[in-house]
Amino acid sequence: MELMVAGLIVFLGVHSTRVFAEPLRAQWVARLGEKPWKGLYALASLAGFVLLVYGYGLARQSPVTVWTPPRGMVHLAALLTLVAFVMLAAAYVPGNGIKARLHHPMVLAVKVWALAHLLSNGTLVDMVLFGAFLVWSVLLFRASRQRDRVQGTVYAPGVASRTWLTWVVGLGAWGVFAFWGHARLIGVSPLGV
């Protein structure tokens, strides 16, 4: 589990610079330039993600069960991840009403995804992984909303056709991942199919 924790520290640490180290981030961007900063950011993120995924895979081989979730939690998790996929789509489909309303749908998607997995998994490694993402997303969402208030950020209203497209993309991506991708990539079929 040590590799996974190291990966979490790197990955979430890099993704927390706007929360905990905005002045330092601004100095680095000014010193290096926007593109080199983004390049280093991407490399550090990728390194953290690789460590996280590899470490999680290793830790899953010797699971420590903390609790056994009731079967109904799997169904609740499926519903919550469907919502998370729609919010994730809202982060990328321009001009949709979901982003206009939520402002930071990707962070909310991570929050809902992490909660869903905490409810449906009872091993120590799952609790550490998804608990870390849940805490991080709560803090990041709060910081993002505060930054919006300070900067006076105004989000354009969404267009109905773009909002419907967001739902279609989110539901389609969820379907592909729930019925095929999760088992293929993670080795677990979330719906038991």
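The values are calculated or read from the model by the stated rules, or taken from the named source; none is laboratory data. Being a predicted model, the structure only gives us computed values, none of them experimental. Here the Cβ positions follow ideal geometry from the backbone for every residue, glycine too, while neighbour counts run over all protein chains shown.
M73 passes all but one of (1) assigned by TED's automatic domain parsing to the domain that holds Q146; (2) assigned to a helix (DSSP H, G or I); (3) over 18 Å from the mean Cα position of the chain (by Cα); (4) farther than 19 Å from V188 by Cα; which number fails?
It is condition (4) that M73 fails.
Looking at G131, G55, can you tell me which residue is in a helix (DSSP H, G or I), not assigned by TED's automatic domain parsing to the domain that holds F179 and not β-branched (V, I, T)?
G55
May I ask you to say which residue of G175, G187, G122 is farther than 28 Å from T17 by Cβ and touching a strand residue (DSSP E or B) at 6+ places or on another chain (Cβ under 7 Å)? Explain how you work it out, then say what you get.
Details: G175 fails: touching a strand residue (DSSP E or B) at 6+ places or on another chain (Cβ under 7 Å); G187 fails: touching a strand residue (DSSP E or B) at 6+ places or on another chain (Cβ under 7 Å).
Checking each option against the conditions leaves just G122.
Could you please tell me which pairs satisfy a Cβ distance under 6 Å, a separation of 6+ or placement on different chains, a first residue in the stretch 55-66 that is under 18 Å from A6 (Cα atoms), and a second residue that is at pLDDT below 95 and not in a helix (DSSP H, G or I)?
From the stretch 55-66, the pairs are A59/M1.
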